[in-house]
Amino acid sequence: MALRAVRSLASLSNPIRTYSTSGPLVNVSINEKTGIATATLQRPPVNSLNLELLTELCSTLEQLEKNKSRGLILTSSSNTVFSAGLDIYEMYKPNMDRYKQFWTTLQQTWINLYGSSYPTVAVVNGHAPAGGCLLALSCEYRIMLNNFTIGLNETKLGMIAPTWFAASMRNAIGTRQTELALITGNLFTTDEALKIGLVDEVAQSKDEALEKAGKFFDKFKRIPPHARTMTKTLLRGADIQALVKTRNEEMNKLTAFINDPKLQEAIGMYLESLKQKQNK
Amino acid sequence: MALRTARNLAYCLNSIRNYSTNGPLVNVTVNEKSGFATVTLQNPPVNSMNLELLTEISHTLQQLEKNKCRGLILTSASNKVFSAGIDIFELHKPNSDRISQTWSFVQEIWIRLYGSAYPTVAVINGHATAGGCLLTLASEYRIMLNKFTIGLNETQVGLTPPTWLIDAMKNTIGGKQTEFALTAGTLFETEEALKIGLVDEVAQSKHDAIEKAEKFLNKFKRIPPHARSITKAKLRGANIQAV
């Protein structure tokens, strides 16, 4: 008891400074002692990734890069959902200019996160399907709380995960497991995810997860940052270049595809079924 | 007991229709209810992949594509050997027309099977060496019976597998295991194959394996087929292009 009180007191004197560029949808706080930033997604109800959220996240990542952050913890303010993935409203009867911005920002967010020079940990404190899983996979390390699910379930919704989504998963669990996961659109439970290496550790609470995240960052205390960064680039560079080279082509294909009447009908029906679920 | 008899009867009555293009060396039956096709290699004694068997396999795969097959189970009529691979007689003092035809068919079968739009399961109910292992690696899922062996043992006879096959093995069990396996031409026993991920499940009997195979194929019941097949094509496309 006494020890905990002392620790709390100590943390009060470790000024946690909030970024002035903290937006409403992404809260950023920096532990001035450790230099580690925590970015908390806070777009109720399920942190669905719309243009506004992605824009804030993307610019947060750029700021952290510019300010030579010592590390990033990515987590959620909800205690049931990490992120439900891409906001389906961005894909339903979209304004084409907005849609292009949306997809460009998504691509850039991934490039910034997957390719960050600073170490990254996802504290997955809720369900993480599709785009939520992508964000978690883009980090170097994943700590997940019990009794949630995570996975790239795009095929279940009749959608196709882009190549760079698959690359992020392959980087974590290997080629064979990625193929099996993607064609079945599987959502893994926390335990299953740990077993196949989709997440690296399981925690009983968010506090415990944050502690474990701290231990991960400690590994880099004695490692010259530029050597660490260059090594990460050597390993991840090809995946990033693959997107950088094809991002315009991908954009063109998607803008052509998104207005397909059958796809729009399917999305409309899905939204309708969600509304009915909510009204129950 | 009574329940099983009733179930068997029901299964038979779920019209198991034989394809009229059945050749002697490859038996094809399609379960009309599920749309799953079972393709059984039957080239005694060891299903060696000679030109005749390869020709029939290739035609079968073409037909399945045309008829929009919902899923394929690939297995063997023998209870000792899945397939011993390319017939050694085709490789020894070969007639140059025959050998190039043989190789052409192997490549075509790989492209059709590895790149199939429909889901595929290999029920490995016997030894699967070299070309036999190739057929299993082309499938999406592998279920093997106990006490058999599987592997690419080309190096044992002074040959080397083609690059695209090596890549497929790497994609299944990883670079390190592939290097170990191929340099020594290792044939893995069932338990070890499961351990390194060369096969996905072990079954106690062919019946058990077929049930497990259908369970895998049924996973896709609610998944829009085009989303599934395009996703698979994106993942496997580079390999196919290389061939």
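The values are calculated or read from the model by the stated rules, or taken from the named source; none is laboratory data. Predicted model, so just to flag it, every value in this text is computed and none were measured. Positions of Cβ are backbone-derived with ideal geometry, glycine not excepted, and every protein chain shown enters the neighbour counts. Side chains are part of the model used for accessible areas, which takes the heavy atoms of the whole protein and leaves out ligands, DNA and RNA. Shrake-Rupley method; radii C 1.70, N 1.55, O 1.52, S 1.80 Å.
Brief remarks on what is shown
- Out of every Cα-Cα pair that the range B:111-181 contains, those further apart than 19 angstrom amount to 33 percent.
- Chain lengthening between A:Ala242 and A:Glu192 when straightened (0.36 nm per residue, less Cα-Cα): 15.0 nm
- Chains B and A, summed buried accessible surface - 1.4 Å probe, Å², nearest 100: 1500 Å²
- Distance from the range A:94-132 to the range B:58-112 (C-alpha centre basis), Å: 44 Å
- With every protein chain in place, chain B: carbon and sulfur % of accessible area (1.4 Å): 54 percent
- A viscosity of 1.002 mPa s and a temperature of 20 °C, combined with the Kirkwood radius over C-alpha pairs in the Stokes-Einstein formula, give the range A:176-221 a diffusion coefficient of 175 µm²/s.
- Between A:Tyr89 and A:Asn252, the simple spin-label model (points 7 angstrom out along Cα→Cβ) gives 3.2 nm.
- Under 29 Å from B:Lys66, Cα to Cα: lysines that are on another chain or at least 8 residues apart: A:Lys156, A:Lys253, A:Lys262, B:Lys33, B:Lys206, B:Lys212, B:Lys215, B:Lys219, B:Lys221, B:Lys232, B:Lys234
- Whole-Å semi-axes of chain A's equivalent ellipsoid (Cα gyration tensor): 31, 21, 19
- Principal axis dimensions, the protein assembly as shown - Cα atoms, whole angstrom, descending: 80, 53, 52
- Ordering of A:119-131, A:198-210 by burial proxy (mean other Cβ atoms within 10 Å per residue, highest first): A:119-131, A:198-210
- Most mobile listed residue (B:His59, B:His127, B:His207) in chain B, GNM with C-alpha springs under 10 Å: B:His207
- Applying both filters, DSSP loop and at most 10 other Cβ atoms within 10 Å, to the trypsin sites (Lys or Arg not before Pro) of the range B:160-243 gives B:Lys221, B:Arg222.
- Label-point separation in nm, A:Lys100 to B:Ala117, each point 7 Å along Cα→Cβ: 3.2 nm
- Between A:Arg176, A:Arg98, A:Arg70, the residue with the greatest mean-square fluctuation in the GNM of chain A (Cα pairs under 10 Å linked by springs) is A:Arg176.
- For the range B:162-207, a decrease in accessible area of 40 Å² or greater in the assembled protein chains relative to the isolated chain, with a 1.4 Å probe, applies to B:Asn171.
- Inter-site label distance for B:Lys93 and B:Gln204 at 7 Å from Cα along Cβ, in nm: 5.0 nm
- Inter-chain neighbour count for B:137-146: the average number of beta-carbon atoms from partner chains within 10 Å of each residue's beta-carbon is 1.
- Ligands, DNA and RNA left out, the accessible area of chain A computed with a 1.4 Å probe is 56% carbon and sulfur.
- The Rg/Rh ratio for the range B:117-243, using Cα coordinates for both the radius of gyration and the Kirkwood hydrodynamic radius, is 0.98.
- Extreme residue, positive dipole direction of the range A:41-90, given options A:Thr55, A:Ile88, A:Ser76 (C-beta unit charges): A:Ser76
- Degrees separating the helix B:163-173 axis from the principal Cα axis of chain B, which is the longest one: 60 degrees
- Applying 0.36 nm per residue to the separation of A:Thr233 and A:Lys206 and subtracting their alpha-carbon distance, the gain on full extension is 6.7 nm.
- Simple rule: put +1 on each Lys or Arg Cβ and -1 on each Asp or Glu Cβ in the protein assembly as shown, find the dipole, and look at A:Asn146, A:Ile183, A:Thr233; the Cα lying farthest toward the positive end is A:Asn146.
- Summed over the residues of the protein assembly as shown and divided among them, the accessible surface reaches 50 Å² per residue at a probe radius of 1.4 Å.
- Dipole in debye (nearest 20) - the range A:222-280, about Cα centre, beta carbon charges: Lys, Arg +1; Asp, Glu -1: 460 debye
- Within the listed set B:Val157, B:Val28, B:Val39, the Gaussian network model of chain B (springs between alpha-carbon atoms below 10 Å) gives the highest mean-square fluctuation for B:Val157.
- When the convex hull of its Cα atoms is projected in every direction, mean area for the range A:124-227 (nm²): 7.0 nm²
- Of the beta bridges in the protein assembly as shown, as assigned by DSSP with both residues counted there, near 35 percent are antiparallel.
- Calculated FRET efficiency for the pair A:Lys262/A:Ser77, C-beta based, R₀ 30 Å, to 0.05: 0.25
- Ranking B:Gly132, B:Asn146, B:Pro161 by how far each Cα lies toward the positive end of the dipole of the range B:125-182 (charges on Cβ) leaves B:Asn146 at the top.
- Debye, to nearest 20: dipole size of the protein assembly as shown, +1 on Lys, Arg Cβ, -1 on Asp, Glu Cβ: 960 debye
- If R0 is 51 Å, the Cβ-Cβ spacing of A:Asn67 and B:Glu32 corresponds to a FRET efficiency of close to 0.20.
- Residues losing 20 Å² or more accessible surface upon assembly, the range A:175-191, compared with the chain by itself, 1.4 Å: A:Thr175, A:Arg176, A:Glu179, A:Leu180, A:Leu182, A:Ile183, A:Thr184
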